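The next block holds one structure in the form of structure tokens; read it before the comments.
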Amino acid sequence: MSLQWDRNFALEQAGDDDELLVELLDLLRMSSAGDLEKIKAAALAGDAGAMGDAAHSIKGAAASMGVVALRDVAYEIEKKGRAGDLEAAKIHIDELQGLIAELDSLE
């Protein structure tokens, strides 16, 4: 799945500063990787609410950087986790992991 990155939006969020954009993308990569680990741990612990909370963090960061597909998948995990539907939330973890790995391709 493609990240569907709106680079122009992200650059606008960075005040049209390419160096700041690079820094913000690095922060997105690090925070998303950390939140993915929280999601996996919550899935193993059977804590749907914690999955939803960590996914909410990814969703917000991805939205602020114009990474549409990452935002959308994180939202699905958040929504299902907060509804207490652990199994439905877990279905999206591999897709989320793949999208987070694709963040390395953004410049």
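The values are calculated or read from the model by the stated rules, or taken from the named source; none is laboratory data. Since the model is a prediction, treat every value here as computed from it, not as a measurement. Because the Cβ atoms are built from the backbone with ideal geometry, glycine has one as well, and the counts that use them run over all protein chains shown.
At-a-glance table
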read-out: Test: residue in region 33-51 that is within 14 Å of the chain's Cα centre (by Cα), in a helix (DSSP H, G or I) and closer than 12 Å to Leu106 by Cβ; value: no
read-out: Which listed residue, of Leu21, Leu28, is touching a residue at least 60 places away in the same chain (Cβ under 8 Å) and not polar (S, T, N, Q); value: Leu28
read-out: Boolean, Gly15 is outside any helix (DSSP H, G or I), surrounded by fewer than 21 Cβ atoms within 10 Å (Cβ to Cβ) and out of contact with any Phe, Trp or Tyr (no Cβ under 8 Å at 6 or more places or on another chain); value: yes
read-out: Pairs with Cβ under 7 Å, 6+ apart, first in region 81-107 and at positive phi, second part of a helix (DSSP H, G or I) and surrounded by 12 or more Cβ atoms within 10 Å (Cβ to Cβ); value: Gly84/Ala48
read-out: Contacts under 6 angstrom Cβ, first residue in region 44-66 being modelled with pLDDT under 95, partner surrounded by 17 or more Cβ atoms within 10 Å (Cβ to Cβ), 6 or more apart; value: none
